[in-house]
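S.K.: Mind looking over this structure? Questions follow.
The values are calculated or read from the model by the stated rules, or taken from the named source; none is laboratory data. As the structure is a computational prediction, the values presented were derived from the model and not from experiment. Glycine gets a Cβ as well: all are built from the backbone with ideal geometry, and neighbour counts include every protein chain shown.
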Amino acid sequence: MDYTRLTDVMRRLALEAGDAIMQIYGQDDFDVKSKSDDSPVTAADEAADALISAGLRAEFPDVLLVTEEQAASHEKRADTFLIVDPLDGTKEFIHRRGDFTVNIALVENGTPTRGVVYAPAKGRMFFTRADGSSVEETGPLDKQATGPLAPLRVGAPDNDALMVVASKSHRDQATDDYIGKYSVKDSKSAGSSLKFCLVAAGEADLYPRVGRTMEWDTAAGHAVLAGAGGRVVRMDDLRPLSYGKKGYANPFFIAHAPGVDLKAP
């Protein structure tokens, strides 16, 4: 894989998808449909998916593409694949809360190695560089030229005063019970894969997920966090969270900065 070209393509497609999403976001009203699993989908999900899929297939025709909005892709398997959630945080989008992202990632041998997370309503762009390190782009987010980059690095956690981030739309008693096992200085809520990026940027130490997620929800954020020195492990046995699983469904997991004294569920 040409990681330099991959980085450029993923970044550009995320920005283009963000434009398509924001065009619909700015409308007075838009249709919301339900998929077979009762999760919501909008015209923005579909427009972003069509744009990203066409772009990735044109640039990397020999690499399997798995995307949330194309059910047929969920039956396919490969050691190396691209995985996309064109609009992660659809509920945040519907309720106009801004915490939604475009997620594009490369998985190699069960591990997300490169990824981009773009939050168009917030103007925040996180991605892995060709060498695997993670950055936040702080400039004007021009599609043709990458702007100034700020390196991302996880913080040095204090286990007596941890910063925790949790889901905004899916926070429940089970999540609060698990967080209660730690000495928490402060906690915040965030939507979509932004939670991984907050840990990657040192703005949080711990993100536990007690609830259903799919690999397209997590792969890009996982790659960004890993490129900043962080880790994502299964909650049941603390082994690394792997990808390419049957059905692309995740177990409960913990994303964290090294040094956090992880607790059993």
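S.K.: For the structure I just gave you, tell me whether Lys91 is outside any loop (DSSP other than H, G, I, E, B), more than 30 Å from Gly230 (Cβ to Cβ) and not aromatic (Phe, Trp, Tyr).
M.R.: It is false that Lys91 is outside any loop (DSSP other than H, G, I, E, B), more than 30 Å from Gly230 (Cβ to Cβ) and not aromatic (Phe, Trp, Tyr).
S.K.: Please verify whether Pro151 is closer than 16 Å to Gly229 by Cβ and surrounded by 24 or more Cβ atoms within 10 Å (Cβ to Cβ), treating the condition exactly as stated.
M.R.: Criteria not met by Pro151.
S.K.: Tell me which residues, restricted to the stretch 237-259, are surrounded by fewer than 18 Cβ atoms within 10 Å (Cβ to Cβ) and among the small types (Gly, Ala, Ser).
M.R.: Ser242, Gly247, Ala249, Gly259
S.K.: Tell me yes or no: at least one residue of the stretch 166-184 is in a strand (DSSP E or B) and of a type in the set (S, T, N, Q).
M.R.: Looking through the stretch 166-184, at least one residue is in a strand (DSSP E or B) and of a type in the set (S, T, N, Q).
S.K.: Here are Arg153, Arg97: which of them is at pLDDT below 95 and in contact with a Ser or Thr (Cβ under 9 Å, 6 or more places away or on another chain)?
M.R.: Arg97
S.K.: Here's something else I'd like to know. Pick from the stretch 131-186 the residues that are acidic (Asp, Glu) and in contact with a strand residue (DSSP E or B) (Cβ under 6 Å, 6 or more places away or on another chain): which of them is farthest from Ala255 (Cα to Cα)?
M.R.: Glu137
S.K.: Working only within the stretch 41-76, note down all residues that are in a strand (DSSP E or B) and touching a residue at least 60 places away in the same chain (Cβ under 8 Å).
M.R.: Within the stretch 41-76, Val66, Thr67 qualify.
S.K.: Still on this structure: When the stretch 171-194 is examined, which residues are found to be touching a Lys or Arg at 6+ places or on another chain (Cβ under 8 Å) and closer than 22 Å to Ile104 by Cα?
M.R.: Once the filter is applied, which keeps residues that are touching a Lys or Arg at 6+ places or on another chain (Cβ under 8 Å) and closer than 22 Å to Ile104 by Cα, the stretch 171-194 yields Ala190, Gly191, Leu194.
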